[in-house]
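Worksheet: one structure, shown below.
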Amino acid sequence: MIKLDTSYSLGSIIESNFLGISNDAEPDNVIVTLSKNMVTCFHMPSQNQVHCWSSSDKLSSGVIFDPSTNCYYGVFNYTRIGKWLRSSLMMKDMKKFNFTAKIIKLLTRLDYKGAVAVFENGHCECLKEAIGNRKKIRDAVINDGETIELAKLCIFRTKAICIIVSVDSKNIKTLRSVPLEDTFLPINLQLSFKNKTEKLLGYCVRENSDSLNILTFWSNGYLYSNELYAETSSNDFPGKQLTEITLVNSNKQVTLIQLSSDCIGLYGAEPKGDGAALVIYNFHYNMVVAVQHFKIYTNPPNLWCYGNHLLLVTGQNLAVIPFTCERNNLSLLMDNNLIKINDKYEETEWDSYAKQKCVDRISTSALSQSKLNEMIITDHINNKKDKSLIRLLVENNDISDTSLVEILSYCSLNITKHSNLLLKLFAYPPLNKPSCLRRKLPFENMLIILNTLYSLMKEKLIEERLVDWMTLMIDCSFQQILLSNDPNVLELIIKVQKDINSKCDYVESVYNTNNTMCVMKSKNINSKKRDGPVNNLYKIETINLY
């Protein structure tokens, strides 16, 4: 399940000549904002500026970064590709390549070696080959009068395919696939209902390891999925109807973007009012799992995904929303207010019936497992049964946030006595709803837990769960920490920061040492077997989206 954390803003950087965010630059927690004459790199989430270049030539598309050459590439005035080093102070010394045909976009991704140039006529070609054949006349892929609206580089069954969506003078969109290898046949698909009654509001390409789909959202409020390169004959476009999305306005444009193999984000206007809404839809459960509202709707609703951060334009600001992957338990969503209530069914109150039964027989009721656990945990805490609570934490992975906070509060009363229980609790994933922690755990108890976490972290080299819990506790009490003006609290936070930084530096040094040893070992192996074939092994790095 996707959890949206509290958003923050990179500031009022949106100007009239703003081009957008480059998703294909600087993978190391750096985003690149583009205007027509300036490229600016920001580090997330510190918001510190890393690089900034300006040019007399005007950028006409996104900028990409090639880690193998440590160089940036950008398209200027559609007919010139510029190349400059990351260490460059100015762009006037960049190397320039002039083309006779217009270039719309440069594409790249971390799990694909090299970059791809997309030309105005829809032709797609590897950047290295395109630069070497700059004067070559290229065959058109799209029809005359059409303009390219979307170009995306996809990996389908280990093969690279460019997906292009073009729009004509009648605002009819057509999807075309351009295989970069002679493996798949090209696809030509018109994105419209046969009866022409519904208006297309938004779309995105959803790719998994074994499937490639076009997702479309229409003015009837429904989300559809159509599989490309399906092995069996599928229904006519738009394909399978998934669900109705009522949390965005079905009369205004909506932006769709893939976040993970199971989730997509929809960003559009609210159904009522002037605000905007970011909606997260889960394919595995076929339901909306998260929503975040904004006061201002900006047309078009620009939305980008970079690592585990969502970036969107709201008014004149660029908002950044971190998101994390939490436990995938359906029972945690059963009380979600995003679920559409069906009035046809009669509601039955089971709690009063279940509470009359003893704990041993409670499992025979019709309550969900998380609700049963809540009642059992409350009973164990009242009876001070630490061993039973530990057994429940070890054997069960379906415990609600309310119960976890209840156990935290119980342990904070006597840390020494409940140390074993607290250790088992910290081995459990952090909360889905941090607001529950703010409401139910006093600040004094929060500080006691923070001190305990720090003591545990000092004893271990590095423990990801402890860091997650520590981050959660600080985030939930951040405002109270600032308002307390307590030097002891500030000293604790500084100690935590130094301890985590030192351990991360140590882990990184060990990782670099292991990499060096592997390289030396591989060189020794290759030197012994010079007569045999040598395999080129490429490390594929990916950004995990949750």
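The numbers here are math on the coordinates, done by the rules we state, and not lab data. Since we're looking at a predicted model, the values are computed, not measured. Every residue, glycine among them, receives a Cβ derived from its backbone with ideal geometry; neighbour counts consider all protein chains shown.
Work out, step by step, the length gained on full extension between Cys126 and Asp168: first 0.36 nm times the residue separation, then minus their alpha carbon distance; give nm to one decimal.
Residue separation times 0.36 nm, minus the Cα-Cα distance, leaves 12.5 nm.
Do me a favour and compute the ellipsoid semi-axes for the range 36-161 from its Cα gyration tensor, root of five times each eigenvalue, largest one first, whole Å.
25, 18, 14
Can you give me the distance in nm between label points at Asp468 and Phe237, each placed 7 Å from the Cα along the Cα-to-Cβ direction?
Rounded to a tenth, the inter-label distance reads 4.1 nm.
At 0.36 nm per residue, minus the direct Cα-Cα distance, what do Thr324 and Asn451 gain on full extension? Give it in nm, one decimal, please.
Result for the pair: 43.2 nm of gain on full extension.
Amide H neighbours of His51 under 5 Å, counting only residues 5+ apart in sequence or on other chains, H built in-plane at 1.01 Å?
Cys41
In the structure displayed, which of Lys102/Lys199; Lys96/Lys170; Lys102/Lys152; Lys136/Lys173; Lys83/Lys136; Lys58/Lys152 lie more than 26 Å apart, Cα to Cα?
As for pairs spanning more than 26 Å Cα to Cα, those are Lys102/Lys199; Lys96/Lys170; Lys136/Lys173.
If r is the Cβ-Cβ distance from Gln316 to Tyr78 and R0 is 30 Å, what FRET efficiency results, to the nearest 0.05?
0.65
Give me the distance in nm between label points sitting 7 Å out from Cα along the Cα-to-Cβ direction at His43 and Lys458, one decimal.
2.8
Kirkwood-based Rg over Rh for the range 81-149 (C-alpha set), two decimals?
1.01
Determine the sum of side-chain charges near Ile161: Lys and Arg each +1, Asp and Glu each -1, restricted to other residues whose C-beta is under 10 angstrom from that of Ile161.
Neighbour charge sum, excluding Ile161 itself: +1.
Along each of its three principal axes, how wide is the spread of alpha-carbon positions in the range 370-431, in whole angstrom units, largest first?
28, 24, 18
Full extension from Asn383 to Ser484: what is 0.36 nm times the residue separation minus their Cα-Cα distance, to one decimal in nm?
The Asn383-Ser484 span can extend by a further 32.9 nm.
Grab the other residues whose beta carbon is less than 12 angstrom from that of Leu150, score K and R as +1, D and E as -1, and report the net.
Net local charge, Leu150 excluded: +3.
Based on Cα positions only, what radius of gyration and what Dmax would you give for the range 206-273, in angstroms?
So, for the range 206-273, Rg and Dmax equal 13.0, 44 Å respectively.
Mind grabbing the base-10 log of I(q)/I(0) for the range 400-483 at q = 0.13, 0.14, 0.20, 0.26 Å⁻¹? Debye formula, identical points on the C-alpha positions, no solvent, two decimal places.
Normalising to I(0) and taking log10 leaves -0.36, -0.41, -0.89, -1.57.
What distance in nm lies between label points placed 7 Å from Cα along the C-beta direction at Ser509 and Leu150?
It works out to 4.8 nm between the two label points.
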